[in-house]
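First up is the structure itself, then whatever we jot down about it.
Bear in mind these aren't lab numbers, they're just calculated from the coordinates by the rules spelled out. Given the structure is predicted, the values throughout are model-derived calculations rather than measurements. When we count neighbours, we look across all protein chains shown, and the Cβ atoms used for this are built from the backbone with ideal geometry, even at glycine.
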Amino acid sequence: MHSLGILLSGRGSNFVAIADSIDAGRIPDARISIVISNRAEAPGIAIARERGLNALVIPSKGRPREEHDHEVVAALKQNQVDLICLAGYMRLLSPWFVRQFPRKILNIHPSLLPAFPGLEAQEQAFAYGVKVSGCTVHFVDEELDHGPIIVQSAVPVLDGDSEHTLTARILEQEHIAYTEAIKVVLEGEFVITGRRLVGNT
Ligand code: GAR
């Protein structure tokens with residue numbers, strides 16, 4: 001049984017999509033062992049509690065990154081997670097954190113990386129005038145929004161779009177892409193050459 005740790009900071013819709021996929025058997029042989037938020041008021045952590053999951057708030061505000069990260073890593077290790085999913089976790093992981101879990105941390109980003117890393121990616125893409133955007137699930141390495149790509153999903157930008165409608169259509173694809181990426185990683189039937197992840201079956 002694979003043991004997942006989820007880190008979030010806000011709404012938690014990607015977390016809910018992952019939890020629903022596990023419940024529905026779309027991610028077989030997995031469970032969520034712990035959900036951690038760095039913000040007490042994150043709606044996602046309330047949902048985790050309602051669902052009876054192990055939910056923990058480790059506040060980050062005003063604390064040195066390494067100190068906060070040590071606490072988060074300790075909780076993840078205590079719960080023996082073998083995969084960590086960042087789900088709207090709006091905090092950079094320290095290089096030390098990343099090194100604790102090599103190739104075991106996934107992130108979802110609402111653009112087709114390497115375009116528009118960082119904050120408000122959908123707004124950046126919309127303002128740039130791209131005709132296609134989307135989302136990316138990737139391994140986390142020590143650079144921001146940078147590790148090897150597992151799944152990408154393209155979303156066309158329509159003439160009638162606003163930032164809001166584009167963001168909503170990307171989010172729908174995020175929920176599908178995250179489940180797909182977790183399955184790929186848990187099944188483990190791939191190799192990574194350079195930055196390229198390809199199936200080995
Ligand atoms: C999602 O759109 C996710 O891709 C984005 O934050 C949102 C969280 O929504 N993450 C980033 O921008 C990370 N750089 P959620 O809390 O409903 O999952």
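Just a few scattered comments:
- Residues that are in contact with a Ser or Thr (Cβ under 8 Å, 6 or more places away or on another chain) and over 16 Å from G88 (Cβ atoms) within the range 32-55 comprise S33, N54, listed in sequence order.
- Any hit, the range 85-100, residues being part of a loop (DSSP other than H, G, I, E, B), more than 15 Å from the ligand (Cβ to nearest atom), charged (D, E, K, R) and within 20 Å of F15 (Cα to Cα): no
- Qualifying positions in the range 29-58 - in contact (Cβ under 8 Å) with a residue 60 or more places away in the chain and either part of a loop (DSSP other than H, G, I, E, B) or within 12 Å of the ligand (Cβ to nearest atom) (or both): D29
- Index of the failed condition, R63 passing every other in (1) farther than 20 Å from E172 by Cα; (2) touching a residue at least 12 places away in the same chain (Cβ under 8 Å); (3) surrounded by 13 or more Cβ atoms within 10 Å (Cβ to Cβ); (4) more than 16 Å from the ligand (Cβ to nearest atom): (2)
- Taking the conditions (1) touching a residue at least 60 places away in the same chain (Cβ under 8 Å); (2) crowded, with 17+ Cβ neighbours inside 10 Å in turn, K183 satisfies each one other than (2).
- The set of residues from the range 1-28 being touching a residue at least 60 places away in the same chain (Cβ under 8 Å) and out of contact with any helix residue (DSSP H, G or I) (no Cβ under 9 Å at 6 or more places or on another chain) comprises just one member, S3.
- Lone qualifier among P110, P95 - being of a type outside the set (S, T, Y) and surrounded by fewer than 18 Cβ atoms within 10 Å (Cβ to Cβ): P95
- Of all residues in the range 101-122 being in contact (Cβ under 8 Å) with a residue 60 or more places away in the chain and not in a loop (DSSP other than H, G, I, E, B), the one that is nearest to the ligand (Cβ to nearest atom): I108
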